[in-house]
Amino acid sequence: MPAAGPDHSKLPRHVAIIMDGNGRWAEQRGLPRAMGHKAGVESVREIVETAGELNIEVLTLYAFSTENWRRPAMEVQALMTLLRAYLESQLTLMLEKGVRLRCSGQIDRLPKDVQALLHKAIDQTAANRGLILNLALSYGGRGEIVRAAQRLAQQCLNGSLKPDDITEERFGGELYTAGLPDPDLLIRTGGESRLSNFLPWQTSYSELHFSPILWPDFRKPQFLAALLDFQGRQRRFGKTGAQVAA
Ligand code: FPP
């Protein structure tokens, strides 16, 4: 008998993923690290497809951090090449499947042609109503919070906002993720149990799922297992277990 899958009525609205382990996957096979990233794109395709099939509202993927700019130039280049190819090859499918593309991060630091491809895909998919695929690119959580503080400070300076009117909602509205629900589930593959500057504001109440599987091996069955694990958690948001059960 096949193992029971996740309950479709209790799926997370927003899943965020730290896709770690591409480098080690390649090294274990005696391949250059870039080959691990290439294999990782196949997992990206499969997880995006699965999230869409399950009617998950938002999938945020940590594809490139602000810290990743410090990697060897060749590896950064390889990642940009993969991103380019992904955007070029997936746009038709995104339109077919109703996927809406967004991104979070310092997009203006990306190569100009990648920026153009991103803007094109974001514009062309803007009216779609299926999965929101949010790519975190040149993203760093602390930087995002500082940027939000600067934007609010600027509004205070020009008189359109009073400091007392800065609420959590207002603050969240200045983050890259403005308008999106917070992640209910954050998955990190690759065996490390840390958050690495990923969505520190938005994940305050997220359930965390750490998987030992390296990202290129993280496919539909592993994703479904993470969703099942999520469904076994009791989310209390500060209340008691009895209050939540009532
Ligand atoms: C971390 O693995 C992964 C990255 C820094 C990049 C993730 C990128 C992809 C999966 C492909 C491009 C993405 C898209 C959306 C087309 P690592 O290199 O740190 O692995 P390691 O810890 O084993 O060295």
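Couple of notes before you dig in:
- For segment 110-238, alpha-carbon Rg relative to the globular expectation (2.2 N^0.38 Å, N residues): 1.27
- Lys220-Gln150 FRET efficiency (beta carbon distance; Förster radius 51 Å; 0.05 resolution): 0.80
- Extending 7 Å from the Cα toward the beta-carbon at both Thr92 and Arg236 defines two label points whose distance is 5.2 nm.
- Helix runs (DSSP H) in the chain reaching 27 Å along axis by Cα, Kyte-Doolittle at least -0.5: 33-53, 73-97
- Per-residue extension of 0.36 nm, minus the Cα-Cα distance of Val244 and Lys162, leaves a gain of 25.9 nm for this segment.
- Helical content of the chain, expressed as a calculated mean residue ellipticity at 222 nm, amounts to -13500 deg cm²/dmol (DSSP H runs of 4 or more residues, -39,500 (n - 2.57) each, divided by residue number, nearest 500).
- Scaled to the globular estimate 2.2 N^0.38 Å, the Cα spread of the chain, given as radius of gyration, is 1.05.
- Size of segment 72-164 from its Cα atoms: along the principal axes, largest to smallest, the extents are 47, 38, 19 Å.
- Placing R0 at 25 angstrom, the Cβ-Cβ distance between Trp201 and Thr81 gives a FRET efficiency of 0.20 after rounding to 0.05.
- Exposed chymotrypsin sites (Phe, Trp or Tyr not before Pro) absent: longest stretch of the chain, with sites in DSSP loops and at most 16 other Cβ within 10 Å deemed exposed: 1-200
- With 28 Å as the limit on Cα-Cα distance, the pairs of Lys10/Lys239; Lys38/Lys112; Lys112/Lys220; Lys38/Lys120; Lys10/Lys97; Lys38/Lys97 that go past it are Lys112/Lys220.
- Modelled FRET efficiency - R0 22 Å, Arg29 with Met74, Cβ distances, 0.05 increments: 0.75
- Evaluated at q = 0.13, 0.17, 0.22 Å⁻¹, a Debye calculation over the C-alpha positions of segment 1-138 (equal weights, vacuum) places log10 I(q)/I(0) at -0.59, -0.97, -1.43.
Values quoted throughout were computed directly from the atomic coordinates according to the rules given, and no laboratory measurement underlies them. In this text, all values refer to a predicted model and were calculated from it rather than measured experimentally. A quick note on method: Cβ atoms are made from the backbone with ideal geometry, for glycine too, and the neighbour counts reach across all protein chains shown.
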